[in-house]
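K.L.:
Just dropping this structure here.
The values are calculated or read from the model by the stated rules, or taken from the named source; none is laboratory data. Computed from a predicted model, the values in this text were never measured in an experiment. Note that each Cβ is placed from the backbone with ideal geometry, even for glycine, and that neighbours are counted across all protein chains shown.
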Amino acid sequence: MKALYDVSAPAKLNLFLHVTGRRADGYHLLQSAFMLIDWCDTLHLELRPDGALSREDLRSPLPADDLVLRAARALQAAGASSQGAHIAIEKRIPAQAGLGGGSSDAASCLLALNRLWRLGLPLARLEQIGLGLGADVPFFLRGRNAWVEGIGEQITPLELPPARFAVVRPARGLETRLAFADAGLIRNTEPAIISGFAANPYGFGHNDLQPVAQRLCPDVTRALEWLGAQGLQGRMTGSGSAVFARMPPEGALETAPEGWLARECGNMEVHPLVGWAASDD
């Protein structure tokens, strides 16, 4: 095997996001339901026998040392591999949106290179590597919709009914660190239980970061108002500036304002790469 093309890296929505505490090391304790959606980046990976790692941006430019290259280096070290790779990325998921694009790219990179380099590392080992890259990476490696707790490492699979969603990223993004560092962030929301969520998965809870984000990034409020004007009840996903709303069976989004990204997305039952690790145990 010398190449893997059209490797998918889907985005996610946080159906709710509660901040339930903060550890002594500064990490926030969270509860959330992560749902995969069909807004995807695409990776193309070619084997480099010289051991070098290189990246090519086919659409939007990425930072020089992004999560994909960091994931490749971490896997190379963990697997003691002398092989390298050239990784081309078709970036469609916007940054600073709370959609998990960077983490998803890193997870798909780990799964694909594990296969391309024939390392045979089990899913549990890939998750250890992934958690060192970002709290959302293990979720994408597992590849199933999930109830997520702790700092992102406690993952319980969820079954979610099929649905369509409007997903909107306004012109401005929002850095995760700014939202979580804000003094106004509520950090003591009462923990919820899965059964309460399951009774109303698309209307449960709230996003504790949303009031902070609306103050730091007024575009979040504008995006929510834009959805509201179409009769849609929106909320923020994750810690970025994107918002979403469940769509009725019949209906279509209006044309988004200039500089915004708006898509109608469906949820995914499983990640396209489920089963790519040596073990899914």
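K.L.:
Where in the stretch 149-252 are there strands (runs of 3 or more DSSP E), lying fully within it, with 1 or more residues that are more than 25 Å from Glu127 (Cβ to Cβ)?
P.N.:
On the way: elements: 154-157, 164-169, 243-246.
Ranges flagged: 164-169, 243-246.
K.L.:
Might you let me know whether the stretch 40-50 holds any residue that is farther than 30 Å from Arg164 by Cβ, in contact with a helix residue (DSSP H, G or I) (Cβ under 6 Å, 6 or more places away or on another chain) and free of Cβ contacts under 8 Å to residues at least 60 places away in the same chain?
P.N.:
no
K.L.:
Take the stretch 95-136 and flag every residue that is of a type in the set (A, V, I, L, M, F, W, C) and either at positive phi or part of a loop (DSSP other than H, G, I, E, B) (or both).
P.N.:
Selection gives Ala95, Ala97, Leu99, Trp117, Leu119, Leu121, Leu133, Ala135.
K.L.:
Does Leu58 meet the test of being under 16 Å from the mean Cα position of the chain (by Cα) and either more than 29 Å from Leu224 (Cβ to Cβ) or of a type in the set (A, V, I, L, M) (or both)? Write out each step before concluding.
P.N.:
Working: under 16 Å from the mean Cα position of the chain (by Cα): no; either more than 29 Å from Leu224 (Cβ to Cβ) or of a type in the set (A, V, I, L, M) (or both): yes.
It is false that Leu58 is under 16 Å from the mean Cα position of the chain (by Cα) and either more than 29 Å from Leu224 (Cβ to Cβ) or of a type in the set (A, V, I, L, M) (or both).
K.L.:
It is to be established whether one or more residues within the stretch 185-201 are over 30 Å from Glu250 (Cα atoms) and within 21 Å of the chain's Cα centre (by Cα).
P.N.:
No, there is no match, as no residue in the stretch 185-201 is over 30 Å from Glu250 (Cα atoms) and within 21 Å of the chain's Cα centre (by Cα).
K.L.:
On to the next question. Only residues that are modelled with pLDDT under 95 and surrounded by 11 or more Cβ atoms within 10 Å (Cβ to Cβ): list them for the stretch 1-20, please.
P.N.:
Across the stretch 1-20, there are no qualifying residues.
One line per residue, one yes/no per condition, for (1) under 17 Å from the mean Cα position of the chain (by Cα); (2) within 30 Å of Pro191 (Cα to Cα); (3) part of a helix (DSSP H, G or I):
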position	(1), (2), (3)
Leu30	yes, yes, no
Asp50	no, no, no
Ala64	no, no, no
Arg73	no, no, yes
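Yes or no, residue by residue, for (1) of a type in the set (Ser, Thr, Tyr); (2) buried (at least 18 other Cβ atoms within 10 Å of the Cβ):
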{"position": "Gly152", "(1), (2)": "no, yes"}
{"position": "Leu158", "(1), (2)": "no, yes"}
{"position": "Ala171", "(1), (2)": "no, no"}
{"position": "Thr176", "(1), (2)": "yes, no"}
{"position": "Asp182", "(1), (2)": "no, no"}
{"position": "Asn207", "(1), (2)": "no, yes"}
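K.L.:
Since Ile87 meets every condition but one in (1) in a loop (DSSP other than H, G, I, E, B); (2) of a type in the set (A, V, I, L, M); (3) crowded, with 21+ Cβ neighbours inside 10 Å, which condition does it not meet?
P.N.:
If we test Ile87 against (1) in a loop (DSSP other than H, G, I, E, B); (2) of a type in the set (A, V, I, L, M); (3) crowded, with 21+ Cβ neighbours inside 10 Å, just (1) comes out false.
K.L.:
Inspect all residues belonging to the stretch 42-49 and state whether any of them is more than 23 Å from Arg172 (Cβ to Cβ), at pLDDT below 95 and not aliphatic (A, V, I, L, M).
P.N.:
Looking only at the stretch 42-49, we keep the residues that are more than 23 Å from Arg172 (Cβ to Cβ), and these are 42-49.
Pick out the ones that are also at pLDDT below 95 and you get 49.
Still in the running and not aliphatic (A, V, I, L, M): 49.
Checking the stretch 42-49: at least one residue is more than 23 Å from Arg172 (Cβ to Cβ), at pLDDT below 95 and not aliphatic (A, V, I, L, M).
K.L.:
Scanning the stretch 243-261 for residues that are of a type in the set (Gly, Ala, Ser) and touching a helix residue (DSSP H, G or I) at 6+ places or on another chain (Cβ under 8 Å), which turns out nearest to Gly173 (Cα to Cα)?
P.N.:
By that ranking, first place goes to Ala256.
K.L.:
I've got another one for you. Could you tell me whether the stretch 53-62 includes any residue that is in a strand (DSSP E or B) and touching a helix residue (DSSP H, G or I) at 6+ places or on another chain (Cβ under 8 Å)?
P.N.:
yes
K.L.:
So Glu225 fits all but one of (1) of a type outside the set (A, V, I, L, M, F, W, C); (2) at pLDDT 95 or above; (3) touching a strand residue (DSSP E or B) at 6+ places or on another chain (Cβ under 8 Å); what number is the exception?
P.N.:
Here Glu225 meets the rest and fails (3).
K.L.:
Shifting gears a bit: Do you know which residues across the stretch 188-205 are surrounded by 14 or more Cβ atoms within 10 Å (Cβ to Cβ) and not β-branched (Val, Ile, Thr)?
P.N.:
Answer for the stretch 188-205, where residues must be surrounded by 14 or more Cβ atoms within 10 Å (Cβ to Cβ) and not β-branched (Val, Ile, Thr): Ala192, Phe197, Ala198, Pro201, Tyr202, Phe204, Gly205.
K.L.:
At pLDDT below 95 and small (Gly, Ala, Ser): is that true of Ser279 in this structure? Reasoning before the result, please.
P.N.:
Working: at pLDDT below 95: yes; small (Gly, Ala, Ser): yes.
When the stated conditions are applied, Ser279 passes them.
K.L.:
Could I ask something else about it? Within the set of pairs 6 or more residues apart or between chains, which connect a residue that is over 19 Å from Val243 (Cα atoms) and at pLDDT below 95 inside the stretch 146-175 to a residue that is of a type in the set (Asp, Glu) and part of a loop (DSSP other than H, G, I, E, B) with Cβ atoms less than 8 Å apart?
P.N.:
If the second residue must be of a type in the set (Asp, Glu) and part of a loop (DSSP other than H, G, I, E, B), the pairs left are Gly152/Asp136.
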